[in-house]
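Beneath this line is the structure, given in structure tokens, with notes to follow.
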Amino acid sequence: MKQRLMSKNARDTLVYGILGIISFLLVWQLACLFTNFGRIFPTPGESFRALMLAFVEPIGKYTIVGHIATSLRRVLIGYVLSSVCGIFLGLLMGYSEMANAILFPIFSIIRPIPGIAWIPLAILWIGIGESTIYFIIFMGGFSQMVMNTIDGAQQVNRELVGVAKVLGIRRHQLFGRILLPSAVPYIFTGLQTSLSTSWMAVLAAEMITATEGVGWLILSGMQTGRVVNNVIGMLSIGGVGLILASLLREAERRLCIWSVRS
Amino acid sequence: MKKKTKYALISVASLIVFIAVWQFLSTSGILSARKLPPPSKLFNTFIYKLQNKKPDGSMLGTHIWISLQEALYGFALGMVIGVPLGISMAWFDKFDKFFKPLFDIIKPIPPVGWVPIMITFFGIGMMSKVSVIFIASVIPAIINSYSGIKQTKDVHLWVAQTFGASRMKMLFTIAIPSAGPMIFTGARVALNGSWVSLVAAELIASTKGLGYMIQTARLIGRIDIVFVGVLVIGLFGAMLMGLLTFIEKKFVKGGRR
């Protein structure tokens, strides 16, 4: 009986989901056919065809796979750098009150500035090139990483620390056995939010300074009036973003078994 | 208490040393003042920009006002549409099943990605910015109010059912109030996202606003104005967040202390 109920629920999910997507596509198609919208915007069919075509025919320098790969490489470099530095600084500030007192005021000037706002400064400092893009991605994720790590480091259960001290733990053991493991779930939350801001920062940076990458693809669609490029750029961004986020969630589930959060 | 004052003093001292070192490095010529203008210069530029329209056509106050307006319109619109949508998706099963897959496709696209399309539709005026910010805030609003409602305690609902409450009554007297803190978390994320994507949208195409100001200043090489603009963006971002935290503390029960 229960199984039949379940399968009915699953069937409903499928049916309504497909209905939802179909009605969206239908509205899109109808809007293209009957309103001014269609004069600038491609129909779903055209967009799909263009997306498939983009895999074989290059747009600008590369095919769509090349653009995605370029953007991914940039994100990865900037993201890894910013995570390593952010976790280090966060742990330092979270554990040592002294370091916190010295660094926090300076950090709190930088913290509220969005990564994207650094673009003009970065261009003036470094010029136009790969390192500028890395820098922007770095700044995009950095402060979130630091804040989350500080939170995690300060959130450690005081009783655990007390018990460990009574049982005669050494200082370096305290860090590795208790403080670090209890901060790791927070660090993972930081890694997740920072990944999505990094992905956003690379788009903005590419729109402004680059000549390849997914951000450039979207912007070139606007500049040349080929809105199709725009649409396929967005579809690929959405797809890649989705894959990245689920990869990271899976990694957290496997690596972070002691975390009880869902 | 004494320890606290000690650390507070260290913080103040650290900030003063930081600014002094910065001032020294760029006035003495160790770091080029063209790359890193000294704080005193930045302060002068700030005062100058408050009263002068040069070089980008508007005073600093105007840029701030335009940016704030765009951000808040988009944010308000996103909340007004996103929160009810998230709530109904969580409460009405069919609604959820209908919108979920569609939403899952749109969700991972960063708001910045929408900028070119919105500009194609609405031009480079206010409308395109507001619509990008709308997207930046509607998505977290939906996600958070959705999970807020989903986290309603079953026991509470059972009690209400036992006393014969209708589904609608349960929604308004149990589910929505208990989702309050989550909805505010959504608002926080949304506001943050709004401010970020506003800057991005203004950098890419606009004629007024803080993002426009720093972009033009970059093009003519006025790094001092870029600096002032970036700091002002940070300051107002922090102020908006502070305001939201204040409202949350005042009106929502059971949220953060």
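Per the conditions (1) away from chain B (no Cβ under 12 Å); (2) in contact (Cβ under 8 Å) with a residue 60 or more places away in the chain; (3) under 24 Å from the mean Cα position of the chain (by Cα); (4) within 30 Å of residue A:150 (Cα to Cα), the sole criterion not satisfied by residue A:95 is (3). Residues in segment A:196-249 that are surrounded by fewer than 24 Cβ atoms within 10 Å (Cβ to Cβ), among the hydrophobic types (A, V, I, L, M, F, W, C) and either without any contact (Cβ under 8 Å) to a residue 24 or more places away in the chain or touching a strand residue (DSSP E or B) at 6+ places or on another chain (Cβ under 6 Å) (or both): A:222, A:234, A:242, A:243, A:247.
Let me confirm something: among B:13, B:33, B:71, which residue is over 29 Å from the mean Cα position of the chain (by Cα) and farther than 22 Å from residue A:123 by Cα?
On the way: B:33 fails: farther than 22 Å from residue A:123 by Cα; B:71 fails: over 29 Å from the mean Cα position of the chain (by Cα).
Just one listed residue meets the conditions, B:13.
Quick check on this structure: which one of B:256, B:188 is assigned to a loop (DSSP other than H, G, I, E, B) and either at pLDDT 90 or above or not hydrophobic (A, V, I, L, M, F, W, C) (or both)? Answer to the selection: B:256.
Assess whether residue B:117 counts as being assigned to a helix (DSSP H, G or I), at pLDDT below 85 and within 26 Å of residue A:17 (Cβ to Cβ). Talk me through it step by step, then tell me what you get.
Details: assigned to a helix (DSSP H, G or I): yes; at pLDDT below 85: yes; within 26 Å of residue A:17 (Cβ to Cβ): yes.
Yes.
Scan B:112, B:138 and give me the residue that is β-branched (Val, Ile, Thr) and facing chain A (nearest Cβ under 10 Å).
On the way: B:138 fails: facing chain A (nearest Cβ under 10 Å).
Checking each option against the conditions leaves just B:112.
Could you tell me whether any residue of segment B:192-199 is touching a Lys or Arg at 6+ places or on another chain (Cβ under 6 Å), in a helix (DSSP H, G or I) and within 9 Å of chain A (Cβ to nearest Cβ)? No, segment B:192-199 has no match at all.
A count restricted to segment A:27-83 and to residues that are crowded, with 16+ Cβ neighbours inside 10 Å, in a helix (DSSP H, G or I) and of a type in the set (Phe, Trp, Tyr) stands at 2. In segment B:19-63, of all residues being modelled with pLDDT of 85 or more and of a type in the set (Val, Ile, Thr), the one that is nearest to residue B:222 (Cα to Cα) corresponds to B:45. One residue alone among A:121, A:89 is out of contact with any Leu (no Cβ under 6 Å at 6 or more places or on another chain) and within 14 Å of chain B (Cβ to nearest Cβ), and that residue is A:121.
Please find, among B:149, B:105, B:133, B:143, the residue that is within 14 Å of chain A (Cβ to nearest Cβ), part of a helix (DSSP H, G or I) and either touching a residue at least 60 places away in the same chain (Cβ under 8 Å) or buried (at least 24 other Cβ atoms within 10 Å of the Cβ) (or both). Walk me through it before giving the result.
Working: B:149 fails: within 14 Å of chain A (Cβ to nearest Cβ); B:105 fails: either touching a residue at least 60 places away in the same chain (Cβ under 8 Å) or buried (at least 24 other Cβ atoms within 10 Å of the Cβ) (or both); B:143 fails: either touching a residue at least 60 places away in the same chain (Cβ under 8 Å) or buried (at least 24 other Cβ atoms within 10 Å of the Cβ) (or both).
From the options B:149, B:105, B:133, B:143, the qualifying one is B:133.
Within segment A:28-38, the set of residues being more than 10 Å from every other protein chain (Cβ to nearest Cβ) and either under 16 Å from residue A:231 (Cα atoms) or touching a Phe, Trp or Tyr at 6+ places or on another chain (Cβ under 8 Å) (or both) comprises A:28, A:29, A:31, A:32, A:38.
One residue is enough: does segment B:17-38 have a residue meeting the conditions in a loop (DSSP other than H, G, I, E, B), more than 13 Å from chain A (Cβ to nearest Cβ) and among the aliphatic types (A, V, I, L, M)?
Restricting attention to segment B:17-38, the residues satisfying the condition of being in a loop (DSSP other than H, G, I, E, B) are B:28-38.
Subsequent filtering for residues that are more than 13 Å from chain A (Cβ to nearest Cβ) retains B:28-30, B:38.
Retained after the next criterion (residues that are among the aliphatic types (A, V, I, L, M)): B:30.
Within segment B:17-38, one or more residues are in a loop (DSSP other than H, G, I, E, B), more than 13 Å from chain A (Cβ to nearest Cβ) and among the aliphatic types (A, V, I, L, M).
The values are calculated or read from the model by the stated rules, or taken from the named source; none is laboratory data. What you see is a predicted model, and the numbers here were worked out from it, not measured in a lab. Note that each Cβ is placed from the backbone with ideal geometry, even for glycine, and that neighbours are counted across all protein chains shown.
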